[in-house]
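In what follows, a single structure is set out as structure tokens and then discussed.
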Amino acid sequence: MSNIPGTGDQADTLRQMAHNAKKLQQTDAAKMGGLSDHQGIRVISVTSGKGGVGKSNVVSNLAIALSAQGKKVLLIDADLGLGNLDVLLGLSPTYNLNHVMSGEKTVLEILIDGPAGIKIIPAGTGVQELTSLGQHEKLKLLDELDMLEEQFDIMIIDTEAGISENVTYFTVAAQEIFVVVTPEPTSITDAYALIKLLATRYSEHHFKVLVNMAKDSEDALEVFRKLANVAGRFLNISLDYLGCVVKDEKVVEAVKRQKAVTELFPDSEASACFATLARRVIDNKRQSGIKGNIQFFFRRMMDNQGVR
């Protein structure tokens, strides 16, 4: 590292100019009809009102199903301190975002390979430190993220369960919010509590509901109707039915063997559900003007201070 006074400031200024130039190019492209080889990464937060609904299992299998249908998928395990995506998939990450913050590794160097070509950022406790970064570190990280923006189609964040600050932190920063719920009454109640919090305190008004561990499609639709009826009476939101994953013993067996059911039992009922869900996610066009891209996500995570 150079000890010449002002070198860091000059580097930050150059980075800022590069970011501003890229933003201007993206704006010009949008004005010309959005003509671009890459349409920008979709940032999806998958959350739930309570634990035990199989959210992380849904995340990993949905990512694999999306990859199988030609999408380049990046996963972030944002369950700080209790992350289990690596355990579910039988992976052993050596590095995480802490090593990026310390300058030991780049974001690309900490990515680990998952099944079917998906990539995973092992967040660990490193994500908690993003809010305290200085301007130099923030700009450095955004430089790293520029490379990810061009390499992936979809980024999925696996949040903690519940309504903690970390859950709202990640969920509010994402473009799209998927809420995982099961037929259990407590799951429906807690999912409503989460949606209500995000709607009333953070002005989130668009949610997609995914019913996990359903007996069948009719059972799943009934769960959605219950949630939608309550939300419709008390909240001014848009609640859409994304689909369901049926209860399948093959999922239990896959978890025991630390494999994704879509990888281990591709012909199972659950795997068919994930394939259908992936098609719906791909076909479900983003609403125009909905939030931003991967850099928008991390800017919101990092407070926005000093980086515009």
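Just so it is clear, none of the values below were taken in a lab; they were calculated from the coordinates. Predicted, not measured: the structure shown is a model, and the values here were computed from it. Here the Cβ is made from the backbone with ideal geometry for all residues, glycine too, and neighbour counts use every protein chain on show.
General remarks:
- Least to most buried among SER92, SER67 (fewest other Cβ within 10 Å first): SER92, SER67
- Take the Cβ atoms of GLN258 and LEU221, set R0 to 30 Å, and the FRET efficiency comes out at 0.40.
- Efficiency of FRET between THR94 and SER203 - r from beta-carbon atoms, R0 45 angstrom, step 0.05: 0.70
- Added length on full extension, which subtracts the Cα-Cα distance from 0.36 nm per residue, ALA272 to ASN229: 12.6 nm
- Net charge contributed by nearby residues that have their C-beta within less than 10 Å of LYS119 (K/R +1, D/E -1): 0
- Estimated distance in nm for a label pair at SER238 and GLU184, the labels positioned 7 Å out from Cα along Cα-to-Cβ: 3.1 nm
- Cβ-defined net charge surrounding LEU62, 13 Å radius [Lys, Arg +1; Asp, Glu -1]: +3
- Just so you know, the averaged projected area of the alpha carbon convex hull for the range 155-290 sits at 8.7 nm².
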